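What follows is a single structure, written as structure tokens, with notes after it.
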Amino acid sequence: MPGYDRRRLSLVGLLSLLFALAACAPADPQARVAESRAKYEVKLNGWLQRPVEEGQAAEAAAGASEQAASSADPGAASQEAALAKPDPRQIKVLMDLLVTFTGRKPLPGITVDISHADADGNEKAHRQHYVALAGMHRGAPQQVEVELDGWDLEDGDQFSVEVRQDIPEAERGAYREFQEAGS
């Protein structure tokens, strides 16, 4: 019965291969997302402050004038209006990102961590932002523009962007790809 032994060996070999393949792929959807995120790299090519729109600048100046008018010094109103700094909620920053993926199956998008620091490198703000990456291919860098508002910018400020790894379960709610994997 030499044919019987060959079939049994083939079956054992096939089952071994299936078990090995199953062991390589994480069964947990959250683990699959974490594994895919590890294959992304994000580089900040540059950033620039978007000009405050005229209507917003006029509102900021009017607010400063009203504030100065209520002070004891009548000349302060014109001085304060001239020195009015835009409200930080109105300052927009355009970031140019270069995203590279080296894995097998890309995610529809990833959440990046953005750090905003002053000229001395002290962190002023930290945010997460989801970047849609439809059509991302392995090894082919994709350039992405991200525009975010609400920055309190000063001369010498810096930004950095990263794909954070080893995200604790308690923080995964801030990362859209983990939320989508859980549903």
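For residues that are more than 14 Å from the chain's Cα centre (by Cα) and either within 22 Å of Gly173 (Cβ to Cβ) or not in a loop (DSSP other than H, G, I, E, B) (or both), tally how many sit in the stretch 107-143.
Going through the stretch 107-143 one residue at a time, the tally reaches 4.
For the stretch 159-179, does any single residue satisfy the condition of being part of a strand (DSSP E or B), surrounded by fewer than 17 Cβ atoms within 10 Å (Cβ to Cβ), at pLDDT 90 or above and within 15 Å of the chain's Cα centre (by Cα)?
Of the stretch 159-179, the ones part of a strand (DSSP E or B) are 159-162.
Cutting the leftovers down to surrounded by fewer than 17 Cβ atoms within 10 Å (Cβ to Cβ) gives us 160, 162.
Filter once more, keeping what is at pLDDT 90 or above: 160, 162.
Checking which are within 15 Å of the chain's Cα centre (by Cα) leaves us with 160, 162.
Yes.
Keeping to the stretch 99-130, report how many residues are surrounded by 12 or more Cβ atoms within 10 Å (Cβ to Cβ) and in contact (Cβ under 8 Å) with a residue 60 or more places away in the chain. Steps first, answer last, please.
Of the residues in the stretch 99-130, the ones surrounded by 12 or more Cβ atoms within 10 Å (Cβ to Cβ) are 99-101, 103, 106-118, 124-125, 127-130.
In the following step, the residues that additionally are in contact (Cβ under 8 Å) with a residue 60 or more places away in the chain were identified as 100-101, 103, 106-112.
Number of matching residues: 10.
Could you run through the stretch 31-53 and say how many residues are surrounded by fewer than 16 Cβ atoms within 10 Å (Cβ to Cβ), aliphatic (A, V, I, L, M) and not in a strand (DSSP E or B)?
Going through the stretch 31-53 one residue at a time, the tally reaches 2.
Can you tell me which residue in the stretch 135-155 is surrounded by the most Cβ atoms within 10 Å (Cβ to Cβ), limited to those that are over 19 Å from Val99 (Cα atoms) and either touching an Asp or Glu at 6+ places or on another chain (Cβ under 7 Å) or in contact (Cβ under 8 Å) with a residue 60 or more places away in the chain (or both)? Show your work before the answer.
Initial filter on the stretch 135-155 (over 19 Å from Val99 (Cα atoms)): 149-155.
The next check asks that each one be either touching an Asp or Glu at 6+ places or on another chain (Cβ under 7 Å) or in contact (Cβ under 8 Å) with a residue 60 or more places away in the chain (or both); those that pass are 149-154.
On the way: Asp149: 12, Gly150: 13, Trp151: 22, Asp152: 15, Leu153: 17, Glu154: 10.
Result: Trp151.
Has the stretch 89-106 got any residue that is assigned to a strand (DSSP E or B), under 17 Å from Glu41 (Cβ atoms) and of a type in the set (Gly, Ala, Ser)?
First pass over the stretch 89-106, keeping only residues assigned to a strand (DSSP E or B): 92-101.
When the remaining residues are screened for being under 17 Å from Glu41 (Cβ atoms), the result is 95-101.
Checking the rest, the ones that are also of a type in the set (Gly, Ala, Ser) come to none.
Looking for residues that are assigned to a strand (DSSP E or B), under 17 Å from Glu41 (Cβ atoms) and of a type in the set (Gly, Ala, Ser), one finds none in the stretch 89-106, hence no.
The values are calculated or read from the model by the stated rules, or taken from the named source; none is laboratory data. It should be emphasised that the depicted structure is a prediction, and the values quoted were computed from it without experimental measurement. No Cβ is skipped: glycine too gets one built from the backbone with ideal geometry, and neighbour counts run over all protein chains shown.
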